[in-house]
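Just so you know, all these numbers are worked out from the coordinates, no wet-lab data involved. This one's a predicted model, so the numbers in the text were calculated from it and none came from an experiment. Don't worry about glycine lacking a Cβ; one is built from the backbone with ideal geometry, like all the others, and counts go over all protein chains shown.
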Amino acid sequence: METRLLLGHRGAPRLARENTIESFALALQSGLDGVELDVQRSRDGVLVIHHDFDLGGVPIAELDWAELRRRAPWMPRLEEVFEFFEAHPKAWINLELKSQPPLSDGREKALARLLGAWGGRSRAWVSSFDPLALVRLRREGLDVPLALLYAQEEVLELLPCLEVQGVHPHHSLLSRERVERLSEQGYFVVTWTVNEAPRARELLRWGVRGVIGDVPDELKAARD
């Protein structure tokens, strides 16, 4: 992933409901290179796109897909997202797998199966805050890059134990020296959530591979 990417955080959340096909479409129409989105698993094994672990106070993992669709008709399945991106063959996707360690409900296996069968996976990668989920994804043989998400610097001590290609730190944790050090260690760096053009421009100048943000115009101004 050599290209410097500008990614919409859950799409374009200030223009449309986040993590929806409409939001993804608006992010791409605004000129961004792709989107970041959140993947959850329903009780009956459907992978859905939603940030929070619950919907109206009820855990998503305890609701079947039919009930989720009834309660939140705007919520897409992952297959619907892949279908949408088939019409945008140059757009990138960062799939954040939402997971709560230590146990798994099989979401890693389900994601590896769906993503592994998708023809557009060369422009996708998976990130997670859960290091165990990343271990499970690698064991599933998923052939896309994996990245560790983190908001605390000490999490980096886990990197030697993880077969990941990227790191996704909060932008407040980065300096030019840290970006250079991580890059020298062979990791691609994508950072979040950056909503001011000067900060995004600075991060790109330091060598990050991608910047995730809520405001397409601010991100685009960083590259203009």
Tabulated pairs, segment 91-112, first touching a residue at least 12 places away in the same chain (Cβ under 8 Å), second crowded, with 21+ Cβ neighbours inside 10 Å and polar (S, T, N, Q), C-beta under 7 angstrom, 6+ apart or interchain: 94/127; 96/127; 96/128; 97/128; 98/40; 99/128; 107/99
Criterion: of a type in the set (A, V, I, L, M, F, W, C) and either in contact with a His (Cβ under 7 Å, 6 or more places away or on another chain) or within 15 Å of residue 124 (Cα to Cα) (or both) - qualifying residue of 97, 63: 97
The listed residue being closer than 16 Å to residue 192 by Cβ and more than 14 Å from the chain's Cα centre (by Cα), out of 4, 70, 10: 4
